[in-house]
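The structure appears right after this line, and notes come after that.
Throughout, read-outs are computed from the coordinates displayed, never taken from laboratory work. Since the structure is predicted, the reported quantities are computational estimates derived from the model, not experimental observations. Cβ: placed from backbone, ideal geometry, glycine included. Neighbour counts: every protein chain shown.
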Amino acid sequence: MPSRNPFTILLATLVAFGFIAMTTPAFAAGKEKVLHSFNGRGGNTPVASLIFDAAGNLYGTTTGGGVGKCGDYGCGTVFQLTLGANGKWAETVLHDFNGKDGAMPSGGLIVDAAGNLYGTTYGGGVDCAGGGCGTVFKLTPGANGKWTQTVLHEFKGKDGANPVSELIFDAAGKLYGTTAQGGTAGYGTVFQLAPGANGNWSDKVLHNFNGEDGDYPDSGLIFDAAGNLYGTTLYSYSGGVVFQLVRDAKGRWTEKVLHDFTSSSNDSCPNGGLIFDAAGNLYGTTSACNYYGDGKVFELTPQAKGQWRETTVYEFNGGDDGAFPATGVTFDAEGNLYGTTVAGGEFECIPGPNHCGTVFKLRPGADGVWTETVVHSFNGTDGSGPESSLVLDAEGNLYGTTAYGGSFYGDDNGGYGTVFQITP
């Protein structure tokens, strides 16, 4: 099966179409600060979310750049940003991928109690149609500030291929994730990695997607209180699905499609992760990557007899309010939702007649209606094309990445991407 990277699909969409404001959204400009602009050698095109450690350092991945060579391009990096006494953030590249140990890390990182980092790479590892099927890796910090990378698993195709999302742990220390492709039918998998006493990790495929029940799961998973798994697939025979995996007493997992999106309007291509609210409702986004719309934020509410009802929280119009949310949303302490859109906003960016993207806020009303506010419109020099979800610090500041833009943005350069902070 040929690669269908969702980032490529979104970029093709953006090049093909411009965006014209249809209505005037509310604006409540947050104070944006670029913490770091990538330069290529230190990484480029960050599309994944960030994480904090206990000391307040930020960690993330870049899909390209670095000193490793994958063809004519860098294989990607894992980086750390540290806040100095002068108020500036300094980047340290913790690992440069070289292809054999992985390439194009497109998902975010997670950290264990010992401070080890875990992540996935879209390519690299065992040869799989020329580019490698991807890997799961671990980075271990050393006493001298050096980090050691270990490949925990190399995908081979039948057990999955091309993971593009972050991992999650269960209480027993097992890792769970998705591969966008591969498996018995080629439509992607949900997998588990279990640590062994000898330091080796054993791989188990929990579900093989077949197209009808989902195709191309490119987002991470979440657990509910009962230990069930939830996620999304970008495609299906219609417009993508939200799914649940339930484990029985014998350890076998069964998939159930909670919602099947249509292939028209904004109701298609859910390519961001999910989150729960306190009442057990699920929230996510669609990017409408079939070109029929500009995407939306949705809510799924559990009903009697195991059914779920979908409602639209907010529908983007492709103008200043944003277009194509490429990842999930995040709650703040007050119950507001925050997210990013790859396109839309006030400013045009190169290449093509594309607007640079936004950070948005959705505030719930007493009548159940959510109000959208554009917190920030990117302009190229401060970033463009944000594809990551947002993380909040204890003060409520938002942190994220943009795939393009930054210090090297100009007439003939779209920039290598940024890490940003926004004070709402």
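Could you tally the net charge around Gly227, taking each other residue with its Cβ under 13 Å from the Cβ of Gly227, Lys/Arg +1 and Asp/Glu -1? Write out the running numbers ahead of the final one.
Working: positive: Lys174, Arg247; negative: Asp170, Asp224, Asp248.
Computed value for this residue: -1.
Taking 7 Å along the Cα-to-C-beta vector as the label spot, tell me the Thr301-Asn397 distance in nanometres, rounded to one decimal.
3.7 nm
May I ask you to compute the full-extension gain from Ala55 to Asn198, defined as 0.36 nm times their residue separation minus their alpha-carbon distance, rounded to one decimal in nm?
That pair, Ala55 and Asn198, stretches by 48.4 nm at full extension.
Residue by residue, what Karplus-based ³J(HN,Hα) values in Hz, rounded to whole numbers, does segment 157-168 have, using 6.51, -1.76 and 1.60 with θ = phi - 60° and x for Gly and Pro?
Values, residue by residue: x, 5, 8, x, 7, 6, x, 10, 10, 6, 9, 9 Hz.
What does the charge dipole of the chain about its Cα centre add up to, to the nearest 20 debye, if the Cβ of each Lys and Arg holds +1 and the Cβ of each Asp and Glu holds -1? Show your work: numbers first, answer last.
On the way: 22 positive and 41 negative charges, 219 e Å.
Charge dipole, the chain, about its Cα centre: 1060 debye, nearest 20.
What is the packing order of peptides 105-116, 265-276, 333-344, taking the mean over residues of other C-beta atoms within 10 Å and listing the highest first? Don't skip to the answer; put the middle values down first.
Details: 105-116: 18.7, 265-276: 24.7, 333-344: 23.1.
Peptide ranking by packing, descending: 265-276, 333-344, 105-116.
When a/c reaches 1.5 or more, the comparison of a/b and b/c decides; with that in mind, is segment 232-292 rounded, prolate or oblate per its Cα gyration tensor? Please report the intermediate quantities before stating the final value.
Working: a/c = 3.14, a/b = 1.65, b/c = 1.90.
In terms of gyration-tensor shape, oblate.
Multiply the residue gap between Ala129 and Glu346 by 0.36 nm, knock off their C-alpha separation, and tell me the result in nm, one decimal place.
Working: separation 217, 0.36 × 217 = 78.12 nm, distance 4.11 nm.
Gain in length upon complete extension: 74.0 nm.
Between Phe276 and Asp367, what's the calculated FRET efficiency when r is the beta-carbon distance and R0 is 22 Å? Round to 0.05. Working shown, then result.
On the way: r = 23 Å, r/R0 = 1.03.
In this case the efficiency is close to 0.45.
Tell me, Leu206, Leu58 in order of fewest to most beta-carbon neighbours within 10 Å? Display every interim value, and only then the final one.
Working: Leu206 19, Leu58 23.
Going from least to most buried by this count: Leu206, Leu58.
Taking springs between alpha-carbon atoms closer than 10 angstrom, which of Tyr230, Tyr176, Tyr73 fluctuates most in the Gaussian network model of the chain?
Judging by the Gaussian network model, the answer is Tyr73.
Going by how many other beta carbons lie within 10 Å of each one, how would you line up Leu234, Leu282, Leu300, fewest first?
Values: Leu234 27, Leu282 23, Leu300 20.
Sorted ascending by nearby Cβ count, the order is Leu300, Leu282, Leu234.
At R0 = 22 Å, how high is the FRET efficiency between Arg309 and Asp170 if r is their beta carbon distance? Nearest 0.05 is fine.
Details: r = 29 Å, r/R0 = 1.31.
Once the sixth-power term is evaluated, E becomes 0.15.
Most exposed first by the Cβ proxy, i.e. fewest other Cβ within 10 Å, how do Arg252, Arg41 rank? Please report the intermediate quantities before stating the final value.
Details: Arg252 9, Arg41 14.
The most exposed by this proxy come first: Arg252, Arg41.
Would you list, by chain and number, the aspartates and glutamates whose Cα falls below 13 Å from the Cα of Lys146, excluding same-chain residues fewer than 8 positions away?
Leaving aside aspartates and glutamates fewer than 8 places away in the same chain, those within reach of Lys146 are Asp96.
Mind pulling the per residue volume of the convex hull built on the Cα atoms of segment 161-256? Å³ is fine. Can you show the working numbers first?
Numbers: hull volume 9.3 nm³, N = 96.
Expressed per residue, the convex hull around the Cα atoms of segment 161-256 is 97 Å³.
When only Cα pairs under 8 Å and 6 or more residues apart are kept, what is the percent relative contact order across the chain?
Details: 1330 pairs, mean separation 59.5, N = 424.
Relative contact order comes out at 14 percent.
Below 14 angstrom from the Cβ of Gly115, what's the summed charge of the other residues (Lys, Arg +1; Asp, Glu -1)? It would help to have the intermediate numbers written out before the result.
Numbers: positive: Lys138, Lys146; negative: Asp53, Asp112.
Result for the neighbourhood of Gly115: 0.
Divide, for the chain, the radius of gyration over alpha carbons by 2.2 N^0.38 Å, where N is the residue count.
Numbers: Rg = 20.0 Å, N = 424, 2.2 N^0.38 = 21.9 Å.
Dividing the Cα Rg of the chain by 2.2 N^0.38 Å gives 0.91.
If the chain between Ala113 and Ala90 were fully stretched, how many nm would it gain, using 0.36 nm times the residue separation less the Cα-Cα distance? Spell out each step's value before the answer.
On the way: separation 23, 0.36 × 23 = 8.28 nm, distance 2.43 nm.
Extending this stretch completely gives an extra 5.9 nm.
Once you list every other residue whose beta carbon is under 12 Å from the beta carbon of Asn281, what net charge do they have if Lys and Arg are +1 and Asp and Glu are -1? Working shown, then result.
Details: positive: Arg309; negative: Asp224, Asp277, Glu299, Glu310.
Net charge around Asn281: -3.
Modelled label-to-label distance, Thr254 and Ala333, 7 Å Cα→beta-carbon offset: nm?
Reported label-point gap for Thr254 and Ala333 is 4.3 nm.
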